[in-house]
Amino acid sequence: MQVEITDWALNSYLDLLHKRVFTVQDYQTILRPDAALLMDGIPSPHAKFQNAKFWGPATDLAGNAISNGYKLKWHNIGSGKVQLRVCVALLNAQAYLCQGFVKSSDKVDKRECAKLKIHLRDITMGGYTSRGFL
């Protein structure tokens, strides 16, 4: 499966890096290798993807799963030991990295998942900018 980096993902990565949420080393040794596991497809052969604390459906405000929307999840990342999330759209046998964020509350998580719904619509309509592939 191809893993595409959207403009939204790149912008959020740069913003989080600038805010020192994580380091370049965290990115190179943890975040990118974990995201690259998506290349082996979903359902994944990797045990990490069986762990709900690492991978799971994105949910809306009512707690319903968002169709084709998922989250990669990391706990205790960076010096601030934050919960980092990356929203992923799975469409047409391809993964699209959409946006990363710090889950500071359930409200923030739901707000970011609402953005994912918009990103899913935009991807479906071809209204997004690709920044390359993993």
Checking I66, I77 in turn, the sole residue that is in contact with a Phe, Trp or Tyr (Cβ under 9 Å, 6 or more places away or on another chain), of a type in the set (A, V, I, L, M, F, W, C), surrounded by 15 or more Cβ atoms within 10 Å (Cβ to Cβ) and on the phi < 0 side of the Ramachandran plot turns out to be I77
Check on V3, surrounded by 15 or more Cβ atoms within 10 Å (Cβ to Cβ) and not acidic (D, E) = yes
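Out of G69, G132, G100, G80, report the one residue that is in contact with a helix residue (DSSP H, G or I) (Cβ under 6 Å, 6 or more places away or on another chain), under 21 Å from V24 (Cα atoms) and among the small types (G, A, S).
It is G100.
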Checklist entry - Are any of the residues in region 47-55 at positive phi, in a strand (DSSP E or B), touching a residue at least 12 places away in the same chain (Cβ under 8 Å) and in contact with a strand residue (DSSP E or B) (Cβ under 7 Å, 6 or more places away or on another chain)? => result no
Note on region 56-70: residues in contact with a Lys or Arg (Cβ under 8 Å, 6 or more places away or on another chain) and free of Cβ contacts under 8 Å to residues at least 24 places away in the same chain are G56, P57
Within region 30-46, of all residues that are among the small types (G, A, S) and assigned to a helix (DSSP H, G or I), the one nearest to the chain's Cα centre (by Cα) is A35
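Q25 - would you say it is under 22 Å from R131 (Cα atoms) and surrounded by fewer than 16 Cβ atoms within 10 Å (Cβ to Cβ)?
Yes: the conditions hold for Q25.
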Considering region 84-134, residues that are surrounded by fewer than 21 Cβ atoms within 10 Å (Cβ to Cβ), among the small types (G, A, S) and out of contact with any Ser or Thr (no Cβ under 7 Å at 6 or more places or on another chain), and then whichever is nearest to W74 (Cα to Cα), we arrive at S104
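Is one or more of the residues making up region 40-47 surrounded by fewer than 18 Cβ atoms within 10 Å (Cβ to Cβ), touching a Leu at 6+ places or on another chain (Cβ under 7 Å) and among the β-branched types (V, I, T)? Walk me through how you get there before you give the answer.
Of region 40-47, the ones surrounded by fewer than 18 Cβ atoms within 10 Å (Cβ to Cβ) are 40-47.
Those left that are additionally touching a Leu at 6+ places or on another chain (Cβ under 7 Å): 42, 44, 46.
Now drop any that are not among the β-branched types (V, I, T), which leaves 42.
Yes, region 40-47 contains a residue that is surrounded by fewer than 18 Cβ atoms within 10 Å (Cβ to Cβ), touching a Leu at 6+ places or on another chain (Cβ under 7 Å) and among the β-branched types (V, I, T).
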Conditions (1) farther than 17 Å from K103 by Cα; (2) surrounded by 12 or more Cβ atoms within 10 Å (Cβ to Cβ) -> W55 fails only (1)
Do we have L31 as in contact with a helix residue (DSSP H, G or I) (Cβ under 8 Å, 6 or more places away or on another chain) and within 24 Å of T129 (Cβ to Cβ) here?
no
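Only the coordinates and a few stated rules stand behind these numbers; no lab work does. The shown structure was predicted, so the numbers you read here are calculated from the model rather than taken from an experiment. Every residue, glycine among them, receives a Cβ derived from its backbone with ideal geometry; neighbour counts consider all protein chains shown.
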